[in-house]
Number of protein chains: 2
Amino acid sequence: MQKPLAAIISAGLSKFGRLDGMSLREIFAVAAKEAFDSCPNLNYKEDIKAIFIGHMIESSEHQCHTGPLIGDWVGLPNTPSLRFESACASSGAALRSGVMAIMSGLFDIVMVGGVERLTHLKTSEATEYLSLSADYALEQWNGFTFPALFASMAKAHMHKYRTKEEHFAMVAVKNHSCGAKNPKAHLQKEITLDKVMSSKVIASPLKLYDCSLISDGASCLILTKPELARKFTDSPVYIIGTGQASDTIGIYERDDLTKLNASILAAKQAYKMADISPKEVNLAEVHDCFTVAEILAYEALGFCKPGEGGNMIENQETCLDGCIPVNMSGGLKSKGHPVGATGAAQAYEIFLQLTAQADKRQVSDARIGLSHNIGGTGSTAIVHIYKR
Amino acid sequence: MQKPLAAIISAGLSKFGRLDGMSLREIFAVAAKEAFDSCPNLNYKEDIKAIFIGHMIESSEHQCHTGPLIGDWVGLPNTPSLRFESACASSGAALRSGVMAIMSGLFDIVMVGGVERLTHLKTSEATEYLSLSADYALEQWNGFTFPALFASMAKAHMHKYRTKEEHFAMVAVKNHSCGAKNPKAHLQKEITLDKVMSSKVIASPLKLYDCSLISDGASCLILTKPELARKFTDSPVYIIGTGQASDTIGIYERDDLTKLNASILAAKQAYKMADISPKEVNLAEVHDCFTVAEILAYEALGFCKPGEGGNMIENQETCLDGCIPVNMSGGLKSKGHPVGATGAAQAYEIFLQLTAQADKRQVSDARIGLSHNIGGTGSTAIVHIYKR
């Protein structure tokens, strides 16, 4: 197995959901405070040398320059701080850049995270802002919203592989069942297959319960060099692989809508770097912005062969006691999807799981985890592999 | 002197100015094409392994996810591509991240750049969008626009150091004189001191000709490992120092408005890394978003002592035949300021100068160059040092 690239020594997450009355800077500070408080050996004001923040939608905040804004409000006003925007992969990008920063030798300790507020918007406004991550000029302008883009992929998968609408619904049922065990999840309630199948159609075949949530929230991770990790904690989590790739910005340019090309490429890079095969992964957090996306992710990440994603969920292989539990946090579907915070929030869940802090949703003997964060219709994909 | 961190092997710049009828993706492609065409040994589709793009204002484009959008349109649809937003330091941030990416060992060759369109906006809209880089909630909301924020610094400097309005005006005269020699500059015309002094007051003491331009444009650089540079060109430019720091997001939190604190810190880091003193710098591109900012930059970068910036321009020390020529490109003042493109455009000018391609504005025997890029009211500062 690969020499670790970086180590996570602490992590924090705000409650996800409707955080009325809190500003962006205040929400991030909640996540940062948990990360600082959980690591007594960290003197954060002295030790943290750079900040990498994912944040997607400046339009809804009427605020750019989120890097120094956030640094200032967590008590690090002079620390170099950068904002990343890669649509819903913004904090996956921040995490990867934090890893690169550690690998570059420029810094010993950096803070990585993400933050977003969405619930103050009307649903129509949020839909419009989220659609900025596709090709606005050639897709959104013509009325192709995000549910419709993913519905096209769902239709293609159903056509090519005989995947059923019930398969998508099963993903929702599983993720809500996990989210019900996560005290920080946005929607902590179990749902039934009937409930999903009978919910309002948003963009056929996707229904209301096939769509992830519009949430507020923030995530934060503290990274250091592998060799320094045990100065700060007895249970560091090591990052042993990182991969990123792109796909065309518009789905109209793609040959095959049943594949997440960038995710396939990013996963290959990460597995190669970690020197492991998909079979060695004990649990994963994948980007279930719509239920179909989770099924496409199973296939892109090599958890099953192309076309077998539907069977995988039907056979409960990705449930808590399955061979590879997926989205034990509840995923974007039930934990929630404050878009800029999502990538680092996936890493937060992996950190909890690999350090045996995941309580009722704990995967037993979890040693190797994987996170998969995409932006837009998969035009950005970022994969990380972790080991305890 | 420090071992180089990375090498620039090629560079491209679009014309800066009003680029009517061109989309963001098309403008960037112009800069990228120059960089690709100028380096025949580069097989860009094979060689470039990652893309780092600075772009500030998604609101004005109604488009997020600029990373893969740009990658797609320059013929690199699967290459990992990230957007950085650090206000007007967005492509300085992209450059620094490109350097870190090379240093990390993950990539041999990366593309760095920036792009912005502003001239399609009404002046009031552009002013509003640019103001998003200060503290919106506590500054802009109360009517504190960017000219007013920098006017406060100008007033403080005049009060503490007896700097005169004419000193600010001299910066404009110098930079227009340089821009007149730059065929890619937005405004290629010389101006007189009288013209500046009698121009319309925008925010006293700053007048119209103290303000940089609202421009469209793009910049692009190709970076590689120092040891690979000569495979691609006989005249690489090496990056030998990089520094970044932050300051409070609001100027209301600062003790002294006459100092650019983050710039002082970033410059110290870069000089230390490059193992040189300010006296060894042969030319610099500094962030003259307003004329006063150039004077503050002289002092922050150690070209003169605090308070002596006014004398420095009065004594013509920063002119083409002065001891340290500054903003030979024309600077943001005359070359123009397509905000997301500015940081990498500064590096483009240094690249031209250190490879003796700057024609009528060439600094003789230029060996060491420096670029200084700030975001907002200096809440982000990024400094790079280059040698031929």
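The values are calculated or read from the model by the stated rules, or taken from the named source; none is laboratory data. This structure is a prediction, so every number in the text was calculated from the model and none was measured. Cβ placement follows ideal geometry from the backbone for every residue including glycine, while neighbour counts extend to all protein chains displayed.
Residues in the range B:277-293: is at least one under 29 Å from A:Ser81 (Cα atoms), aliphatic (A, V, I, L, M) and out of contact with any Phe, Trp or Tyr (no Cβ under 8 Å at 6 or more places or on another chain)? So far as the range B:277-293 goes, yes, one or more of its residues are under 29 Å from A:Ser81 (Cα atoms), aliphatic (A, V, I, L, M) and out of contact with any Phe, Trp or Tyr (no Cβ under 8 Å at 6 or more places or on another chain).
Looking at B:His167, B:His157, just one residue is more than 14 Å from chain A (Cβ to nearest Cβ), touching a helix residue (DSSP H, G or I) at 6+ places or on another chain (Cβ under 9 Å) and surrounded by 24 or more Cβ atoms within 10 Å (Cβ to Cβ), and that residue is B:His157. Note on the range A:233-260: among residues that are polar (S, T, N, Q) and within 18 Å of A:Leu221 (Cβ to Cβ), the one that is surrounded by the fewest Cβ atoms within 10 Å (Cβ to Cβ) is A:Ser235. Against the test of being within 25 Å of A:Ala134 (Cβ to Cβ), of a type in the set (Ser, Thr, Tyr) and either surrounded by fewer than 24 Cβ atoms within 10 Å (Cβ to Cβ) or modelled with pLDDT under 95 (or both), the options A:Ser59, A:Ser86 yield a single qualifying residue, A:Ser59.
Among the residues making up the range B:121-173, those that are basic (Lys, Arg) and not in a loop (DSSP other than H, G, I, E, B) are B:Lys155, B:Lys160.
Of the residues screened, B:Gly307 is not one that is within 24 Å of B:Thr258 (Cβ to Cβ), assigned to a loop (DSSP other than H, G, I, E, B), free of Cβ contacts under 8 Å to residues at least 12 places away in the same chain and in the same structural domain as B:Ala262 (by TED's automatic domain parsing).
Considering (1) under 24 Å from A:Phe28 (Cα atoms); (2) surrounded by fewer than 24 Cβ atoms within 10 Å (Cβ to Cβ), the lone condition that A:Arg230 does not fulfil carries the number (1).
Restricting the range A:1-45 to residues that are outside any loop (DSSP other than H, G, I, E, B) and among the hydroxyl-bearing types (Ser, Thr, Tyr), the residue that is surrounded by the most Cβ atoms within 10 Å (Cβ to Cβ) is A:Ser10. On the given criteria, is B:Leu265 within 13 Å of chain A (Cβ to nearest Cβ) and modelled with pLDDT of 95 or more? Criteria met by B:Leu265. Within the set A:Ala11, A:Ala35, A:Ala50, the sole residue that is at the interface with chain B (Cβ under 9 Å from one of its Cβ atoms) and modelled with pLDDT of 95 or more turns out to be A:Ala50. Filtered by the rule that a residue be assigned to a loop (DSSP other than H, G, I, E, B), surrounded by fewer than 19 Cβ atoms within 10 Å (Cβ to Cβ) and touching a Gly at 6+ places or on another chain (Cβ under 7 Å), the range B:261-304 gives no residues.
With respect to the conditions (1) buried (at least 19 other Cβ atoms within 10 Å of the Cβ); (2) in contact (Cβ under 8 Å) with a residue 24 or more places away in the chain; (3) not polar (S, T, N, Q), B:Ile191 lacks only one, and its number is (2). Within the range B:21-33, the residues that satisfy the criterion of being under 19 Å from the mean Cα position of the chain (by Cα) and either of a type in the set (Phe, Trp, Tyr) or more than 12 Å from B:Glu61 (Cβ to Cβ) (or both) are B:Phe28, B:Val30, B:Ala31, B:Ala32.
Has the range A:134-146 got at least one residue that is within 27 Å of A:Leu223 (Cα to Cα), within 11 Å of chain B (Cβ to nearest Cβ) and of a type outside the set (A, V, I, L, M)? Within the range A:134-146 (the criterion being within 27 Å of A:Leu223 (Cα to Cα), within 11 Å of chain B (Cβ to nearest Cβ) and of a type outside the set (A, V, I, L, M)), the answer is no, since none of the residues qualifies.
Okay, residues lined up against (1) among the aromatic types (Phe, Trp, Tyr); (2) part of a loop (DSSP other than H, G, I, E, B); (3) buried (at least 24 other Cβ atoms within 10 Å of the Cβ):
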position	(1), (2), (3)
A:Gly336	no, yes, yes
A:Ala345	no, no, yes
A:Glu349	no, no, yes
A:Ala356	no, yes, no
A:Lys360	no, no, no
A:Ala366	no, yes, no
A:Asn373	no, no, yes
A:Thr377	no, yes, yes
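What do you reckon, is A:Phe168 touching a Cys at 6+ places or on another chain (Cβ under 9 Å), in contact (Cβ under 8 Å) with a residue 40 or more places away in the chain, assigned by TED's automatic domain parsing to the domain that holds A:Tyr209 and of a type in the set (Phe, Trp, Tyr)? Spelling it out, it is not the case that A:Phe168 is touching a Cys at 6+ places or on another chain (Cβ under 9 Å), in contact (Cβ under 8 Å) with a residue 40 or more places away in the chain, assigned by TED's automatic domain parsing to the domain that holds A:Tyr209 and of a type in the set (Phe, Trp, Tyr). Annotation for the range A:156-168: at least one member residue is within 22 Å of the chain's Cα centre (by Cα) and not aromatic (Phe, Trp, Tyr). Annotation: of all residues in the range B:59-87 being in contact (Cβ under 8 Å) with a residue 24 or more places away in the chain, assigned to a loop (DSSP other than H, G, I, E, B) and at the interface with chain A (Cβ under 7 Å from one of its Cβ atoms), the one that is nearest to the chain's Cα centre (by Cα) is B:Ala87. With respect to the conditions (1) of a type in the set (Asp, Glu); (2) away from chain B (no Cβ under 11 Å); (3) under 23 Å from A:Leu19 (Cβ atoms), A:Glu128 falls short on a single one, namely (2). Only a single item in (1) in a loop (DSSP other than H, G, I, E, B); (2) touching a residue at least 60 places away in the same chain (Cβ under 8 Å) is not met by B:Asp321, and it is number (2). Based on this model, can you work out whether A:Thr233 counts as within 14 Å of chain B (Cβ to nearest Cβ), in contact with a Ser or Thr (Cβ under 9 Å, 6 or more places away or on another chain), assigned to a loop (DSSP other than H, G, I, E, B) and not hydrophobic (A, V, I, L, M, F, W, C)? So A:Thr233 does not fit the description; no. Yes or no: B:Ser90 at the interface with chain A (Cβ under 10 Å from one of its Cβ atoms), under 17 Å from B:Ile27 (Cα atoms) and touching a helix residue (DSSP H, G or I) at 6+ places or on another chain (Cβ under 6 Å)? It is true that B:Ser90 is at the interface with chain A (Cβ under 10 Å from one of its Cβ atoms), under 17 Å from B:Ile27 (Cα atoms) and touching a helix residue (DSSP H, G or I) at 6+ places or on another chain (Cβ under 6 Å). Among the conditions (1) more than 26 Å from A:Lys272 (Cα to Cα); (2) crowded, with 24+ Cβ neighbours inside 10 Å; (3) more than 23 Å from the chain's Cα centre (by Cα), the only one that B:Gly113 does not satisfy is (3).
Looking across the range B:80-117, the residues that are in contact with a Pro (Cβ under 9 Å, 6 or more places away or on another chain) and hydroxyl-bearing (Ser, Thr, Tyr) come down to B:Ser81, B:Ser86.
Specify the residue that is farthest from the other protein chains (Cβ to nearest Cβ); the eligible residues are those in the range B:93-120 that are assigned to a loop (DSSP other than H, G, I, E, B) and within 25 Å of B:Phe232 (Cβ to Cβ). By that ranking, first place goes to B:Asp108.
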